[in-house]
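Peer 1: I have a structure I would like to understand better, so I am pasting it below and will then ask my questions one at a time.
The values are calculated or read from the model by the stated rules, or taken from the named source; none is laboratory data. No experiment lies behind these values; they were computed from the predicted model shown. Using ideal geometry, Cβ is built from the backbone for each residue, glycine included, and neighbour counts are taken over all protein chains shown.
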Amino acid sequence: MNQQSHNSSKQNRIIKKDYPLDGVFRKSSASGHENCVEVAKDAHVVKVRDTKDQQSSELTFTHDEWHAFLQGVRNGEFDLA
């Protein structure tokens, strides 16, 4: 498989990953007690909020923005170390 096909296949896995479009917030199983965020996805947007302060404002992203962010995370573009 050439690099372009590999990247395209990887991108398709990211975009097509099954995630319920029900708008229900879910917390990562890797979250601890102090540093948690939750994510909810519906047919139009992805929302992110602080688990400890669920009444505070949410960050809202389009699906394309969210997928671009996840791709950047997977590519190490946000590594702070």
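Peer 1: All but one of (1) on the phi > 0 side of the Ramachandran plot; (2) modelled with pLDDT of 90 or more; (3) surrounded by 12 or more Cβ atoms within 10 Å (Cβ to Cβ) hold for Gly23, so report the exception by its number.
Peer 2: Unmet for Gly23, out of (1) on the phi > 0 side of the Ramachandran plot; (2) modelled with pLDDT of 90 or more; (3) surrounded by 12 or more Cβ atoms within 10 Å (Cβ to Cβ): (2).
Peer 1: Could you list, in sequence order, all residues of the stretch 36-49 that are surrounded by 10 or more Cβ atoms within 10 Å (Cβ to Cβ) and not in a strand (DSSP E or B)?
Peer 2: Cys36, Asp42, His44
Peer 1: Within the stretch 5-13, identify whether any single residue is touching a Lys or Arg at 6+ places or on another chain (Cβ under 6 Å) and either loosely packed, with under 10 Cβ neighbours inside 10 Å or modelled with pLDDT of 80 or more (or both), and answer yes or no.
Peer 2: Step one: filter the stretch 5-13 for residues touching a Lys or Arg at 6+ places or on another chain (Cβ under 6 Å), giving none.
For the stretch 5-13, residues touching a Lys or Arg at 6+ places or on another chain (Cβ under 6 Å) and either loosely packed, with under 10 Cβ neighbours inside 10 Å or modelled with pLDDT of 80 or more (or both): absent.
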